[in-house]
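One structure is given here, and the rest of the page talks about it.
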Amino acid sequence: MQKYNNNSKVIIGLDHGYGNMKTAHRVFRSGVEYSEQEPIVSTNYVKYKNGYYVIGESHLIYQGNKTESYDFLILTLAALAEELKFRGLHDANVVLAVGLPLAWAKSQSSDFKKYLMQSTELNYDYRNEHYHVHLCGVEIFPQGFAAICNRGTMQGINMMVDIGNGTMNVMQIHNGRPIEKSLITDKFGVSRCMKEIQNELSKEMGESIPEELIEPLLREGIQNRDDDLAKRTEQIARKYVSDIMKRLVDYGYKEGLVHLYIAGGGGCLLKHYSNLPSKPNVTFTDDICANAKGYEYLAERKMRR
């Protein structure tokens with residue numbers, strides 16, 4: 001077990017999504033299932049205090065405020081372990097760099113920081129390995145903006161849209177300057193599209209279709225498939241994407257005049273089910289870990305100042 005230098009701090013960026021948890025180098029589904037006893041089959045669990053928490057077998061239900069349940073605290077432990085494992089560490093002094101939806105960052109930052117800092121000495125097991133984290137602090141940044149914050153000066157009129165499982169975040173950036181009054185958090189995440197697809201398929205096929213069969217079609221497109229599941233998914237996904245574009249126009253997007261930056265896991269729907277990839281003033285951020293990396297970049301810059 002490698003031990004981190006007691007006088008050093010390591011910054012770890014975490015993107016707390018309702019669909020997936022992301023660190024700079026790891027991604028896993030945001031599911032938490034509590035058990036009083038050690039799981040029989042799964043080894044993918046957090047053992048914390050007197051409980052066992054199986055990770056990643058489902059997605060979280062959208063809650064609006066991430067402090068309303070214990071789930072994101074447990075997911076934070078799992079994500080820390082994933083990233084520390086990648087870096088060859090099991091014991092570290094950590095500064096968490098995290099984010100909140102744009103329009104809610106100010107109002108929820110204080111509560112989210114208290115929520116994550118409710119215990120500063122974290123001793124737990126994950127995947128049968130022990131971790132110790134001394135939590136030195138939490139830095140909170142705007143979700144979405146972090147994904148594109150290191151792209152340079154961004155001259156002209158720009159719009160950033162970050163589409164997650166629960167929300168869609170929009171921000172305008174004029175000549176490199178974020179416009180405060182343009183911050184919008186819209187509860188129009190990918191989960192809406194998923195639920196509509198499941199509901200329609202259930203009506204037509206007479207049975208429940210699990211997310212695992214639909215997710216690859218949203219993430220990668222239907223490609224050459226022509227079965228009913230693929231065709232119906234494509235139809236509903238195109239309608240969802242059309243609704244997104246209508247919202248973006250309402251929020252100030254003008255094709256040809258505004259450079260559109262698309263981030264978040266939901267960006268893959270716009271890539272596969274719209275004509276945006278052919279537009280010259282549209283940039284896709286394909287890295288699903290871009291927000292987590294951006295949080296680390298912003299936290300490092302803040303600490304240097």
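The values are calculated or read from the model by the stated rules, or taken from the named source; none is laboratory data. Keep in mind the model is a prediction, meaning the values are calculated, not measured. Note that each Cβ is placed from the backbone with ideal geometry, even for glycine, and that neighbours are counted across all protein chains shown.
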So which of SER242, SER202, SER182 ends up being within 25 Å of GLU57 (Cα to Cα), of a type in the set (Ser, Thr, Tyr) and either in the same structural domain as PRO277 (by TED's automatic domain parsing) or surrounded by 20 or more Cβ atoms within 10 Å (Cβ to Cβ) (or both)? SER202
Which condition from (1) at pLDDT 95 or above; (2) farther than 23 Å from ALA147 by Cα; (3) surrounded by fewer than 17 Cβ atoms within 10 Å (Cβ to Cβ); (4) not β-branched (Val, Ile, Thr) is the one that GLU207 breaks? (1)
Just one of (1) of a type in the set (Gly, Ala, Ser); (2) out of contact with any Lys or Arg (no Cβ under 9 Å at 6 or more places or on another chain); (3) crowded, with 18+ Cβ neighbours inside 10 Å trips up SER8, so point out which. (3)
Given the criteria buried (at least 19 other Cβ atoms within 10 Å of the Cβ) and either part of a loop (DSSP other than H, G, I, E, B) or basic (Lys, Arg) (or both), does TYR18 qualify? yes
If the requirement is being assigned by TED's automatic domain parsing to the domain that holds LYS114, on the phi < 0 side of the Ramachandran plot, more than 20 Å from the chain's Cα centre (by Cα) and not small (Gly, Ala, Ser), which of these qualifies: TYR70, TYR18, TYR48? TYR48
If you go through the range 64-78 one residue at a time, do you hit one that is among the small types (Gly, Ala, Ser), under 14 Å from TYR126 (Cα atoms), in contact (Cβ under 8 Å) with a residue 60 or more places away in the chain and buried (at least 22 other Cβ atoms within 10 Å of the Cβ)? no
For residues in the range 115-162 being in contact (Cβ under 8 Å) with a residue 40 or more places away in the chain and of a type in the set (D, E, K, R), which is surrounded by the fewest Cβ atoms within 10 Å (Cβ to Cβ)? GLU129
Residue among TYR261, TYR295 that is within 30 Å of VAL138 (Cα to Cα), modelled with pLDDT of 95 or more, in contact with a Gly (Cβ under 6 Å, 6 or more places away or on another chain) and not assigned by TED's automatic domain parsing to the domain that holds GLY56: TYR295
Out of all the residues in the range 226-270, which are of a type in the set (Asp, Glu) and either touching a strand residue (DSSP E or B) at 6+ places or on another chain (Cβ under 6 Å) or part of a helix (DSSP H, G or I) (or both)? ASP228, GLU234, ASP243, ASP250
I'm trying to understand the selection: among the residues of the range 165-212, which are touching a His at 6+ places or on another chain (Cβ under 8 Å) and either outside any helix (DSSP H, G or I) or basic (Lys, Arg) (or both)? ASN165
